[in-house]
1. Provide the net charge surrounding LEU254, with neighbours chosen by a C-beta distance below 11 Å and charges set as Lys +1, Arg +1, Asp -1, Glu -1.
2. I'd like the FRET efficiency for ASP209 and ARG281, computed as 1/(1 + (r/R0)^6) with the beta carbon distance as r and R0 of 35 Å, rounded to 0.05.
3. For SER184, SER91, what ranking results if the residue with the fewest other Cβ atoms within 10 Å of its Cβ goes first?
4. Contour minus end-to-end for ARG322 and HIS84, with contour as 0.36 nm per residue of separation and end-to-end as the Cα-Cα distance?
5. Would you work out the charge dipole size for region 140-238 about its Cα centre, treating the Cβ of every Lys and Arg as +1 and the Cβ of every Asp and Glu as -1, and quote it to the nearest 20 debye?
6. Just need the relative contact order of the chain here, percent rounded to a whole number, with Cα pairs under 8 Å and 6+ apart.
7. Could you order the peptides 324-331, 260-267, 192-199 from most to least packed, using the average number of other C-beta atoms within 10 Å per residue?
8. How charged is the neighbourhood of ASN66? Take every other residue with its Cβ under 12 Å from the Cβ of ASN66, and add Lys/Arg as +1 and Asp/Glu as -1.
Amino acid sequence: MLALLAFAPSGRRAHALEAGSVLGRLHHHRLLSTTVPGNGDQNPYAIVVAPVSAGIVHQGDVLVGNFNDGRNLQGLGTSIVDYHPDRGALSTFATLPRHLPASGPQCPGGVGLTTAMTMLSSGYVIVGSLPSEDGTTATKGQGCLLVLDSGGRLVGSFAGPRIDGPWGNMALREHPGGATLFVSNTGFAVGSPDGSPPVVNKATILRLDLAYAPGQAPRLAGQTVVADGLDEQADKSVFIIGPTGLALDADGTLYASDAIGNRIIAIDQALTRTGSAGRGREISRDGLLRRPLALVQAPGGHLLTTNGLNGQVVEIDPKAGRQIGAQWFDSDRAQSPPGSGDLFGIAATPDGDGFYYVEDDVNTLQLAN
C-alpha cells in the first residue's frame, strides 16, 4: 500500500507515511534565496552542492543553473548562481556568452544551460547546453557539455554526434586520475513544438569517461551509450520532455527517470557495460509518479524524484521496486494540479539530513529538512 504525505491548508503536516522513510523525516520547508542573477535569467533547473572549496566556490555552496533568459525564453539561459549557506548570500558563479567565439571551445547552436551539471573534486564544473534561438525547439541547437574552471571561466567543451541536447541531471563517480559521468541526451530528431509533436524514441543515456591530472581540465577519454530508444518529445511549455533524472548506486546500477513513460528504470552494470541496455529495466511505474524529473539517491539507498505534473516528491525503494510515498514540496494552487510545473532540480545537503530544491515558477532555492 502506498502511503501519502499531504499538506493541511495552514502548512505542511505529515499524515501516515512508512516508518523509516526519508520523506517522513522532513518537517520544515524554508525559502533560502532567489536564483535570479544580475542579467535577469530565470527558470532554475540544475542544482549541485560543491564537494570541495576551489576558486570562488566554497565546499557546501549550492550552484544553480538557469535555463531561461531575462525574457523568460527557454534555452537561452547563460548563468550559474552560487548560494552560500554559511552567510545566506547569493553571488554569480558564471555568465557565459550566448554564442561562443570561433577561436575557443565549441557548442553547436550556442548556450542554453540545462539541468545537466556537476562539479568535480578538482574544482572544475561541467554543465550541459541545449540552446534555442527563440525559446522553442524549432530553432534548437545540438548543444554540448561546457567545462568551467573554479572561477567560472569557460575552458573547454565536449561535443560530437553522441551529444545532442544534454538534458538530465548528471551522475558522477570519480576515481584516481579521472571520473565516469552519465548524462541523458534528448535532442535527437526533435523538431518543432507546434501542433501535436510526435514522441520520438531516440533519447539516450551516455557514459563519458574523463581523464585529468592535478590542476588540469578534464579531457574526454571515451564514450559509451548505455541506454537508448527512450522517449523524447518537443513541448511548448517545457521545451523538451525526456529522460531527466540520473542517480548512480554504489553497486554500479544507474537509475533514471523516464518522464514520458512515467517510470523509473535501472541500467545494470552501468560503469562497466560495453553496450546499451536499451530502454532499461523497469523499477517503478505510475502510482504516485506524475512525469518524474530530477532524481537523487538519499542516504540509505532510497530514491527521491520530483514530479513535473504536480508539486510532489516521490520516494521509491529501488531494490524492492516499491513506491514508499510522496510529500507536497509545492502546494501552490495557482497551478492545476497544485505545484504543476514548479519543481525540477533536487540535491541532498552535505550532512544528508535535508534536500535543496528549486521552485522554478518563482525562481527560488528552497530547503526541506
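1. Numbers: positive: ARG173, ARG207, ARG273, ARG281; negative: ASP249, ASP251, ASP268.
Result for the local shell: +1.
2. Values: r = 23 Å, r/R0 = 0.66.
After rounding, the FRET efficiency stands at 0.95.
3. SER91, SER184
4. Values: separation 238, 0.36 × 238 = 85.68 nm, distance 3.59 nm.
Extra length from ARG322 to HIS84 when fully extended: 82.1 nm.
5. On the way: 8 positive and 9 negative charges, 45 e Å.
It works out to roughly 220 debye.
6. On the way: 1141 pairs, mean separation 54.6, N = 369.
Relative contact order, the chain: 15 percent.
7. Values: 324-331: 24.1, 260-267: 21.0, 192-199: 13.1.
Going by the mean number of other Cβ atoms within 10 Å, highest first, we get 324-331, 260-267, 192-199.
8. Numbers: positive: none; negative: ASP41, ASP69, ASP360.
Residues near ASN66 contribute -3 overall.
Throughout, read-outs are computed from the coordinates displayed, never taken from laboratory work. These numbers come from a predicted model, not from an experiment. FYI the Cβ positions are ideal-geometry reconstructions off the backbone, even for glycines, and counts take in every protein chain you see.
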